[in-house]
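**Student:** Pasting a structure below so you can have a look.
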Amino acid sequence: MSESMSGDHKILLNGHSSQYLKLNVGGHLYYTTIGTLTKNNDTMLSAMFSGRMEVLTDSEGWILIDRCGNHFGIILNFLRDGTVPLPETNKEIAELLAEAKYYCITELAISCERALYAHQEPKPICRIPLITSQKEEQLLLSVSLKPAVILVVQRQNNKYSYTSTSDDNLLKNIELFDKLSLRFNERILFIKDVIGPSEICCWSFYGHGKKVAEVCCTSIVYATDRKHTKVEFPEARIYEETLQVLLYENRNAPDQELMQATSSARVGSASGTSINQYTSDEEEERTGLARLQSNKRNNPS
């Protein structure tokens, strides 16, 4: 037996498994048996109270353990029963996990980790603001560090009857917006507007807070009896403008050579140049970027 400067003592335990011990864990007092503490052979507590290691006691015979004692009662109950209700909050579970790892109580640590994982709220892949006013839209554009794409879509603004394919094309525009927002959400701010003044389906593209392009997907056609609303789905042009707006990702002005190249690409498309239909995300991006690079080489400044 050795005596420390504080008057505490280090001793070896030689008691029976039914012998009760007094534990002072970080100022929290517990009373339990050697059998409970040594029930699981793989734990640090089992090694501490097996009689092979010295333990520190104070002048009143309390065995001192320099750990937080808030959850030590749960640890004792787990050693007694092999299972225990976990705390309700993630903070307390995380604290218990730290103690379970310290004492090498693997089963309890695994239970805590599973509980923390189950309590985790899934983070959304992307958030799409649904604006409620034009003032709100302007605020979103002014504070965003990203370029922006706004889709105005309003079925209730149809003053005339739709053409036969208009309903399908309106749905295709909405589906493309959802697809692009999932794909580029980390680089572009996507906003959906369902309260616009008069448009039925219109795309707007913003860079540095200013509108740089617009794709209106509706027009009026005349039949023998009345006017009809025609909704179109210019997929290739919408995708080109989305790639174009990526040039405004940084706060500096876009590269002028690349702007000229992409402008040439849009002119070519508008004049009837054939653009292949895209069959996959990877093919879309390869095709679009390859076209931009090709036009940049063919149109040096």
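**Student:** Rank 111, 160, 97 by how far each Cα sits towards the positive end of the charge dipole of the stretch 1-160 (+1 on Lys, Arg Cβ; -1 on Asp, Glu Cβ) and give me just the farthest.
**Tutor:** Final value for the positive-end residue is 160.
**Student:** Over the stretch 9-119, what relative contact order in percent results from Cα pairs under 8 Å that are six or more residues apart?
**Tutor:** 25 percent.
**Student:** Taking the Cα centre of the stretch 130-250 as origin and charging only Cβ (+1 Lys, Arg; -1 Asp, Glu), how large is the dipole, in debye to the nearest 20?
**Tutor:** 200
**Student:** Given the stretch 130-250, what percent of its DSSP beta bridges are antiparallel, to the nearest 5?
**Tutor:** DSSP beta bridges in the stretch 130-250 are roughly 65 percent antiparallel.
**Student:** Oh, and also: Percent relative contact order of the stretch 135-202, based on C-alpha pairs within less than 8 angstrom and at least six residues apart?
**Tutor:** 59
**Student:** Next up: Could you check how much of the accessible area of the stretch 123-199 is carbon and sulfur, as a whole percent, using a 1.4 Å probe?
**Tutor:** 56
**Student:** For a protection proxy built on the mean count of beta-carbon atoms within 10 angstrom, sort 15-23, 36-44 highest first, please.
**Tutor:** Most protected by this proxy first, the peptides run 36-44, 15-23.
**Student:** Report the FRET efficiency, 1/(1 + (r/R0)^6), for residue 54 and residue 77, where r is their Cβ-Cβ distance and R0 is 25 Å, rounded to 0.05.
**Tutor:** 0.40
**Student:** On to the next question. Cross-link candidates for residue 192: which lysines have Cα within less than 26 Å, leaving aside residues fewer than 8 places away along the same chain?
**Tutor:** 123, 135, 146, 159, 172, 179, 210, 211, 230
**Student:** Ranking request for peptides 126-133, 198-205: highest mean number of other beta-carbon atoms within 10 Å first, then the rest in descending order.
**Tutor:** 198-205, 126-133
The values are calculated or read from the model by the stated rules, or taken from the named source; none is laboratory data. This one's a predicted model, so the numbers in the text were calculated from it and none came from an experiment. Cβ atoms come from the backbone with ideal geometry, glycine included; neighbour counts cover every protein chain shown. When the accessible area is computed, the model is the full protein with side chains, heavy atoms only, and any ligands, DNA or RNA have been set aside. Shrake-Rupley method; radii C 1.70, N 1.55, O 1.52, S 1.80 Å.
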